[in-house]
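Quick notes on the structure that follows.
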Amino acid sequence: MPDRADPWIAAIAATLLGMLFSWRPSFWFDEAATVAAANRSEIDILRLLLNFDAVHGLYYLAMHAWLSWVPINEFTARLPSAAAVGAAAAGVVVLGKLVADRPTAWAAAVAFTVLPRTLWSAVEARSYALTAAVAVWLTVVLVIAAARRGSALWVLYALTLSLAIVAYVYLGLLVLAHAVTLMLRRKWRQLLPFSAAVAVALALASPLLALAARQRHTQLWWISGGGYLTGVFWEQWLTASRLFMCATVILLAWGSVILLKRKSGQDVLAVALPWVVVPTAALVGYSAVVTDIYAPRYLTYTAPGLGLLLGVCATAIARERSRILVLILTVLTLSSSTAFVTQRSPYGKPGGADYSEIARVVKTNSRAHDCVAFGSVEHEPLRAAAAARPDAFARLDDVAAGVPGPYAAQLWTQDLPLDSDAVRPRLAACTTLWAIVDRSAPSPVLNATEQQGFKVNHEWILHRSKVIRLQRL
């Protein structure tokens, strides 16, 4: 098989693995935000970005284009992420061949693809898988530019970096890793054109950087301080997978000993180690000293670097014995199976979200012009379930809706109190009301509707929510 087919094979295999059972997990709050933002006009998206979530702007616009011609459901919303994982895996193969050899490239691609964080990003309707793909190909451009003379590739690097920052601001930290890579590879003469390219990229991306800085307090308010060791070593790449952690520790420790003895793998280590360490150290350091902006999933784009480290360690242990290499990669793949199964379970998303189940119950049992009202679960508005699956709620009358999100340049439509003057006439016209509330906590929504003449007809107890059908007495 010709070498040039390798990236395509890696891309197809990684995409198919990422797609597998991607329709099973329920949507959760962040994914509902993606659909809510993308499922509006381009002008309304731009108005939203000027007010909130500018760091996700390019992704929202891309998802708008995608969701405008496919039905909105769990599979279609996550399919671009699976494709992005495939693009990243192809890039890992290309990069591995540039800094090592074909076996290392393939080992790295397999390791990256089965990383729990990569598997997670493939079924997440957010931009994290895209960041991994952009990071890989930006690094490919860096390695090629550093190996050749001329400015054309540095211009390409500058343009790609500016696009990367626009796609995801935290990708800007990758330039610190790239600077370390150039120094470790002793590409001293390339530091000047590299610095110029970075300056151009920052200038091009500066409007977004300024807007993101202005929105920081509304964007990152939810992040709580501390827990950095757990975040980095337990969540960032492993997503709390004990089995994969054991396999990773053994592989890295064993492979490192062999690499140190042989003094081999210098080029791939010069690329992979800074990629894994530098952005993580920068983000965690800033969070510890200044203000907390670190969340483990924000550094998904460092996963290809860890894939390269695992790949070079695997080939070092195998010592050109293909059967041993296949065995190592098989064990690594099997060790990620628990993460794969957990992530693709119906309630595999954070908090055990059940938005998709809410939508299924409502769509199956409601009738046109029934009314609906939403409560909240753990401070998350449950109307996010309607944003994630608008098809299930399209025929219902949202009696408590205030200013629609698109008009207010917000993600969510405003909720009005059910006992307000604006809502009472709407409720008076309802004969059947669907209340979407917390499964266990007392619900103000339920209390208010019962006070206005409704009685519970039937309840569907879900994983963390409750769907209640009420009839007017």
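What follows draws every value from the coordinates through simple rules; no lab data is involved. Everything quoted here is computed from the prediction, not taken from an experiment. Quick reminder, even Gly has a Cβ in these numbers, built from the backbone with ideal geometry, and neighbours come from all protein chains shown.
Please identify the helices of the chain, taking whole runs of DSSP H, that span at least 24 Å along their own axis as judged from the Cα atoms and have a mean Kyte-Doolittle score of -1.0 or higher. Intermediate values should be presented prior to the final figure.
Details: long enough: 74-99 (38 Å, 1.28); 128-147 (29 Å, 2.29); 191-214 (31 Å, 1.86); 242-262 (30 Å, 1.50); 266-289 (33 Å, 1.48).
In the chain, the long hydrophobic H runs are 74-99, 128-147, 191-214, 242-262, 266-289.
Indicate, rounded to the nearest 5 percent, the antiparallel portion of the DSSP beta bridges found entirely in the chain. Intermediate values should be presented prior to the final figure.
On the way: 17 of 23 bridges.
The antiparallel fraction comes to roughly 75 percent.
Taking the beta-carbon count within 10 Å as an exposure proxy, list 357, 378 from fewest neighbours to most. Kindly include the intermediate steps, with their values, before the conclusion.
Numbers: 357 20, 378 9.
Arranged by neighbour count, lowest to highest, 357, 378 become 378, 357.
Could you sort 413-420, 67-74, 386-393 so that the peptide with the highest average Cβ count within 10 Å comes first and the rest follow in order?
Working: 413-420: 16.9, 67-74: 14.6, 386-393: 22.1.
So the peptides 413-420, 67-74, 386-393, ranked by packing, come out 386-393, 413-420, 67-74.
Please arrange 121, 195 by counting, for each residue, the other beta carbons lying within 10 Å of its beta carbon, fewest first.
Fewest to most other Cβ atoms nearby, the residues stand as 195, 121.
Between the stretch 291-352 and the stretch 167-220, how many Å separate their Cα centres?
Centre-to-centre (Cα) distance: 26 Å.
Ignoring everything except DSSP H segments at least 4 long, calculate the 222 nm mean residue ellipticity for the chain; use -39,500 (n - 2.57) per segment, divide by total residues, nearest 500.
Numbers: 23 runs with 285 residues, N = 473.
My calculation for the chain gives -19000 deg cm²/dmol from helical runs alone.
Provide the packing ranking of 157-169, 204-216, 326-338, i.e. peptides ordered by the mean count of other C-beta atoms within 10 Å per residue, highest first.
Working: 157-169: 21.7, 204-216: 15.2, 326-338: 17.4.
Packing proxy ranking, top to bottom: 157-169, 326-338, 204-216.
Please compute the length gained on full extension between residue 186 and residue 319, using 0.36 nm multiplied by the number of residues separating them and subtracting their Cα-Cα distance.
Working: separation 133, 0.36 × 133 = 47.88 nm, distance 2.71 nm.
Full extension from residue 186 to residue 319 adds 45.2 nm.
Can you compute the radius of gyration and Dmax for the chain, using only the Cα atoms, both in Å?
24.4, 82
If eta is 1.567 mPa s and T is 4 °C, what Stokes-Einstein diffusion coefficient results for the stretch 1-143, Kirkwood Rh from Cα pairs, in µm²/s? All intermediate terms of the calculation are to be shown ahead of the outcome.
Working: Rh = 15.8 Å.
D = 82 µm²/s.
Distance between Cα centroids, the stretch 8-39 to the stretch 103-161: provide it in whole Å.
About 19 Å separates the Cα centre of the stretch 8-39 from the one of the stretch 103-161.
Once fully extended, how much extra length lies between residue 290 and residue 338, figured as 0.36 nm per residue of separation less the alpha-carbon to alpha-carbon distance?
13.6 nm
If you take the square roots of the eigenvalues of the alpha-carbon gyration tensor of the stretch 354-472 and sort them as a ≥ b ≥ c, do you get rounded (a/c under 1.5), prolate (a/b over b/c) or oblate?
The shape class here is rounded.
At a 10 Å Cβ-Cβ cut-off, how would you order 257, 362, fewest neighbours first? Mind showing how you got there, number by number?
Numbers: 257 13, 362 23.
By the 10 Å Cβ count, ascending: 257, 362.
Sort 241-249, 52-60 by the packing proxy (mean of other Cβ within 10 Å over each peptide's residues), most packed first. Before the final figure, lay out each step's value.
Numbers: 241-249: 17.9, 52-60: 21.9.
For the peptides 241-249, 52-60, the packing ranking is 52-60, 241-249.
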